[in-house]
Amino acid sequence: MLKTTTFICETCGKISDVGYIYNEIGNFKVYQVRKYKTLYLHLGVLLQGCLFIYNNVNIYLDKVVRYKISIHHTVMHLVNAMFKRVLNIKLVNKGFFINSKTLTFDFNNYKNLSNRTLFIIEQLLNNEFITSTIILKKQTSKQLKKNIQLNLVVIGNEGSFSIEICNGMHIKTTRTIGCFCIVSDKTISKGRRRIVALTNKNAIHYVLKNLLIIKNISYNIKQNIKNIENNIKNILNKQKIYLDYLKHLKQKKRKQIIKMLLDQTFYIFDYKILFTKIKLDSKKDLLFIINKIATKLVKKSIIILYGLKTHFINVFIKVTKDCLKLFTISCENLKNFFKTKQTIICITYHDLSYIKTCIKSFSICFTKTVKTIIQNILIKYK
Ligand SMILES: [Zn+2]
């Protein structure tokens with residue numbers, strides 16, 4: 001806490017300076033400066049030694065960071081004005097956040113901005129940076145009936161680009177901004193969009209890095225960089241055709257499997273039983289098939305399908321409503337059913353149970369045994 005400071009304090013819209021507070025016995029790194037009543041609060045980390053109350057201290061202000069922040073602050077004026085012009089809407093600035101690396105700009109807009117629109121904004125701004133200068137005019141506020149000095153920021157020839165009241169830090173000419181590019185544009189809440197942009201070396205680095213990615217893509221797909229956009233569109237179209245065909249084949253295969261499984265059903269008394277091994281890639285496919293089969297077997301039916309994996313077995317059991325009493329499916333019952341003492345992971349949803357158990361425990365439970373078990377249960381039930 002200091003009585004006076006050369007650091008700029010953080011106030012609405014203004015970013016505080018960064019730097020160091022030091023003397024012979026201590027060194028303190030300052031990240032943020034705020035006004036606290038009549039004093040100045042410096043937030044940061046003590047790097048070395050210690051600083052005592054009433055000690056005299058020196059201040060080192062990081063002028064490079066201050067300069068970069070003043071560049072970004074100035075860019076904000078231009079961005080604000082350019083978005084208003086290009087989008088032709090009553091643009092409401094919903095806040096901007098700047099630091100020495102990036103600038104973030106929030107504004108009101110319900111629509112997504114196309115890459116083309118963003119490109120136009122970037123191009124116009126980059127042109128403006130070469131031609132515009134900034135003039136600061138001091139003006140005394142009359143509206144507030146107080147003698148407050150306000151700075152009028154005039155950008156472009158006699159304010160042709162923008163005129164705004166602002167007491168922030170500005171650069172003298174936009175030429176020092178160098179280059180501007182938008183790195184992201186997204187909706188952050190209803191009617192509020194956020195633009196994140198870079199300037200100068202950071203912008204150039206970003207553009208070059210992305211150019212390298214495009215060059216690599218062009219090399220990998222063996223196509224000229226000029227035609228890359230159309231070529232990628234063609235590749236995506238072809239991919240869609242193949243995926244549709246693959247989907248069609250999958251559906252056909254599913255239908256065949258369902259037919260094949262239905263042919264394998266057998267009767268024990270008047271109960272329809274389906275107990276068989278099934279080979280499928282995904283659990284989702286298996287569930288789909290079971291549900292399809294269940295629509296065909298509506299009464300007195302028991303479906304048990306199992307799929308072998310390297311170390312475990314997935315077993316799916318589905319019974320019709322009239323068999324629910326017969327198969328009160330719980331881990332304990334299933335352990336008895338499969339004659340195993342091994343761990344069984346069992347998940348039950350109404351009339352469908354999914355079991356995961358080890359191959360060892362299941363291998364003793366051959367088709368024949370299961371058939372006998374089902375038969376015994378049915379006899380008991382009768
Ligand atoms: Zn300003």
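The table that follows gives values for the structure above.
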{"item": "Test item: Cα-centred dipole of the chain, Lys/Arg +1 and Asp/Glu -1 on Cβ, debye", "result": "1800 debye"}
{"item": "Stretch in the chain that is longest and holds no chymotrypsin sites (Phe, Trp or Tyr not before Pro) that DSSP places in a loop and that have at most 15 other beta carbons within 10 Å", "result": "111-268"}
{"item": "Ranked Lys29, Lys284, Lys172, criterion: other C-beta atoms within 10 Å, fewest first", "result": "Lys284, Lys172, Lys29"}
{"item": "In range of the label at Val45: residues from region 58-89 whose backbone nitrogen is under 19 Å from the point 7 Å along Cα→Cβ", "result": "60-62, 65"}
{"item": "From the C-alpha gyration tensor of the chain, square roots of 5λ in Å", "result": "72, 31, 21"}
{"item": "Cross-link pairs Lys247/Lys300; Lys300/Lys356; Lys238/Lys259; Lys29/Lys84; Lys186/Lys215 - those with Cα-Cα distance over 30 Å", "result": "Lys247/Lys300; Lys238/Lys259; Lys29/Lys84"}
{"item": "All aspartates and glutamates inside 18 Å of Lys255 as judged from Cα atoms, apart from same-chain residues fewer than 8 positions distant", "result": "Asp244, Asp263, Asp281, Asp285"}
{"item": "Residue of Cys358, Cys166, Cys179 that the Gaussian network model of the chain assigns the largest fluctuation, springs spanning Cα pairs under 10 Å", "result": "Cys358"}
{"item": "Region 141-300: relative contact order in percent, alpha carbon pairs under 8 Å with at least 6 residues between", "result": "9 percent"}
{"item": "Longest to shortest principal axis, alpha-carbon extents of region 19-61, angstrom", "result": "28, 21, 15"}
{"item": "Among Ser189, Ser114, Ser282, residue whose mean-square fluctuation peaks in a GNM of the chain (springs only between Cα atoms under 10 Å)", "result": "Ser282"}
{"item": "Prolate/oblate/rounded label for region 196-308 (Cα gyration tensor, a/c 1.5)", "result": "prolate"}
{"item": "Proximal lysines to Lys101, defined as alpha-carbon separation beneath 18 angstrom and excluding residues fewer than eight positions away on the same chain", "result": "Lys14, Lys63, Lys68, Lys201, Lys209"}
{"item": "Among Val183, Val298, Val86: highest mean-square fluctuation, GNM of the chain, C-alpha pairs under 10 Å", "result": "Val298"}
{"item": "Order of His73, His42 under a 10 Å beta carbon neighbour criterion, fewest first", "result": "His73, His42"}
{"item": "Estimated 222 nm signal from helices in the chain, with DSSP H stretches of n ≥ 4 weighted -39500 (n - 2.57), rounded to 500", "result": "-12500 deg cm²/dmol"}
{"item": "Percentage relative contact order, the chain, counting C-alpha pairs under 8 Å, at least six apart", "result": "8 percent"}
{"item": "Relative contact order (percent, whole number), region 66-220, Cα cutoff 8 Å, 6+ residue spacing", "result": "25 percent"}
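None of the figures in this text is laboratory data; all of them are computed from the coordinates on show. Computed from a predicted structure; not experimentally measured. Counting neighbours? That spans all protein chains shown, and the Cβs are built from the backbone with ideal geometry, glycine included.
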